[in-house]
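The values are calculated or read from the model by the stated rules, or taken from the named source; none is laboratory data. As the structure is a computational prediction, the values presented were derived from the model and not from experiment. Ideal geometry is used to build each Cβ from the backbone, glycine not excepted, and the neighbour counts take in all protein chains shown. Surface areas here come from the heavy atoms of the whole protein model, side chains and all, with no ligands, DNA or RNA. Shrake-Rupley method; radii C 1.70, N 1.55, O 1.52, S 1.80 Å.
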Amino acid sequence: MNYKRIKLKPKKEESLRRFHPWIFSGAIQQKDNDLAEGEVVSVYTANDEFIAVGHYQTGSIEVRTLSFEEEAIVPDFWKKRLASALELRKSAGLLSADNNSYRLVHGEGDNLPGLVIDIYAGTAVMQSHSVGMHKSRMMICDALKAVMGDTLKNIYYKSETTLPYAADLGMENGYLYGGKDVVEAAEENGLKFYPDWIKGQKTGFFIDQRENRALLERYAKGRSALNMFCYTGGFSFYAMRGGAKLVHSVDSSSKAIMLANENVALNFPGDKRHEAFAEDAFKYLGNIHPGDYDLIVLDPPAFAKHRGAIKNALQGYKRLNAAAFDKIAPGGIVFTFSCSQVIGKEAFRLAVFSAAAMSGKKVRILHQLSQPADHPVNIYHPEGEYLKGLVLHVE
Ligand code: SAH
């Protein structure tokens with residue numbers, strides 16, 4: 001192992017001893033000359049003890065730790081990490097005859113900061129959030145093929161919007177492996193969908209809502225459901241299978257509405273219970289009549305992407321939830337979510353509390369929801385926790 005070295009200031013190794021994966025620039029005392037963006041570096045304490053090996057990148061986080069052992073970042077390293085990620089998903093029961101979509105790698109949650117890999121049937125969609133992961137992409141790609149075996153037919157690399165300096169790096173989205181006219185439906189809990197990794201948001205589908213959708217299915221029977229911010233219609237096709245009387249999907253993006261319609265038709269061809277509308281959520285909620293729906297899903301995009309936006313975001317959540325409480329039929333159920341990482345569980349709950357108080361209705365919490373096992377949170381890296389939700393009964 002002959003990597004360039006970074007030396008920490010005294011005591012700055014403490015968070016690393018607790019396996020927190022990030023090294024901030026302020027913790028660094030000295031670094032070797034000419035470190036390249038994304039290069040692998042060895043990190044030492046002020047007393048010259050080895051502490052970690054990771055990817056270097058200028059910025060407020062200067063090193064993203066790959067290992068706390070003195071090991072080389074070679075093909076075997078990637079195979080070992082991906083194999084253990086796959087094992088975890090298998091042990092969580094996520095690979096089955098009726099479920100072939102799951103997140104294989106969730107960054108820090110899988111000890112691979114800066115890397116996301118989602119699996120949709122025979123296709124892996126890979127996303128780098130750091131230069132180091134971008135530079136390692138071919139090694140990761142080979143490891144992925146070795147670990148997944150014959151089931152893997154394509155690897156699509158999609159980092160144009162997530163990678164810093166993507167344009168400077170000459171980065172373009174595209175297939176690293178396979179990729180000839182891929183049209184294959186993936187399956188989630190026995191329901192089919194077409195993930196659109198090329199034109200869709202993120203890697204093409206929001207896998208993180210799988211278990212929350214399954215819970216919604218249990219509440220759907222005989223209800224009139226409104227799926228706000230529906231994107232590809234995930235909550236809608238679960239509501240249909242659960243026996244909802246009608247299901248309306250709303251999203252401001254007409255492309256999303258097209259995808260939602262396609263996915264519902266794939267599972268329930270010709271079923272007249274479903275209709276989708278391309279409209280702004282606030283406008284739609286403002287125009288409906290009280291009592292039109294007795295099951296409402298609110299799964300908006302992250303209202304706060306950084307700390308500076310928290311206050312406005314909380315107002316947004318309050319306004320949105322208040323509108324739903326106002327319009328829902330007596331005895332209705334609301335599934336409400338926030339995927340803003342910077343907004344904690346308590347703050348979100350307080351915003352929903354304020355919305356309930358504004359509506360003057362009696363509201364009870366039935367479930368408190370989070371992200372599933374294929375989006376694990378490293379306990380030493382609480383920043384990895386982002387999805388939170390409440391299921392509410394509104395009298
Ligand atoms: N619930 C979805 C994921 C939602 S992602 C699922 O289960 O897959 C957030 C969605 O909100 C995006 O599709 C985006 O187009 C939509 N959106 C953003 N702002 C909106 C607005 N003001 N009104 C309605 N939809 C909006």
Item to check | Checking Asp326 against (1) farther than 22 Å from Arg213 by Cα; (2) within 21 Å of the chain's Cα centre (by Cα); (3) crowded, with 17+ Cβ neighbours inside 10 Å, the condition it does not meet | outcome: (2)
Item to check | Test: residue in segment 289-298 that is away from the ligand (no atom under 14 Å from the Cβ), at pLDDT 95 or above, part of a strand (DSSP E or B) and surrounded by fewer than 18 Cβ atoms within 10 Å (Cβ to Cβ) | outcome: no
Checklist entry - Considering segment 269-288 alone, what residues qualify as being part of a loop (DSSP other than H, G, I, E, B) and open to solvent by less than 70 Å² (accessible area, probe 1.4 Å)? => result Gly270, Asp271, Arg273, Glu279, Ile288
Next on the checklist: As an exercise: evaluate Met258 against (1) aliphatic (A, V, I, L, M); (2) within 15 Å of the ligand (Cβ to nearest atom); (3) in contact (Cβ under 8 Å) with a residue 12 or more places away in the chain; (4) open to solvent by 40 Å² or more (accessible area, probe 1.4 Å) and give the number of the one condition it does not meet.
Outcome noted: (3)
Checklist entry - What number of residues in segment 63-76 are surrounded by 17 or more Cβ atoms within 10 Å (Cβ to Cβ) and under 16 Å from His134 (Cα atoms)? => result 5
Checklist outcome for this item: In segment 325-352, residues that are under 21 Å from Arg307 (Cα atoms) and either outside the structural domain of Leu390 (by TED's automatic domain parsing) or assigned to a helix (DSSP H, G or I) (or both) total 8
Checklist outcome for this item: Of the residues in segment 45-62, those that are closer than 17 Å to Tyr3 by Cβ and either assigned by TED's automatic domain parsing to the domain that holds Asn111 or open to solvent by less than 30 Å² (accessible area, probe 1.4 Å) (or both) number 9
Checklist outcome for this item: Leu314 fails exactly one of (1) outside any loop (DSSP other than H, G, I, E, B); (2) near the ligand (Cβ under 9 Å from one of its atoms); (3) within 23 Å of Phe206 (Cα to Cα), namely (2)
Checklist entry - Of all residues in segment 246-255, which are open to solvent by less than 10 Å² (accessible area, probe 1.4 Å) and near the ligand (Cβ under 8 Å from one of its atoms)? => result Val250
Checklist outcome for this item: Reported set for segment 88-98 where residues are open to solvent by 10 Å² or more (accessible area, probe 1.4 Å) and under 18 Å from the mean Cα position of the chain (by Cα) is Leu88, Ala92, Leu94
Next on the checklist: Just to confirm my filter: which strands (runs of 3 or more DSSP E) fall fully inside segment 136-243 and include at least 2 residues that are open to solvent by 10 Å² or more (accessible area, probe 1.4 Å) and farther than 25 Å from Ile257 by Cα?
Outcome noted: 174-177
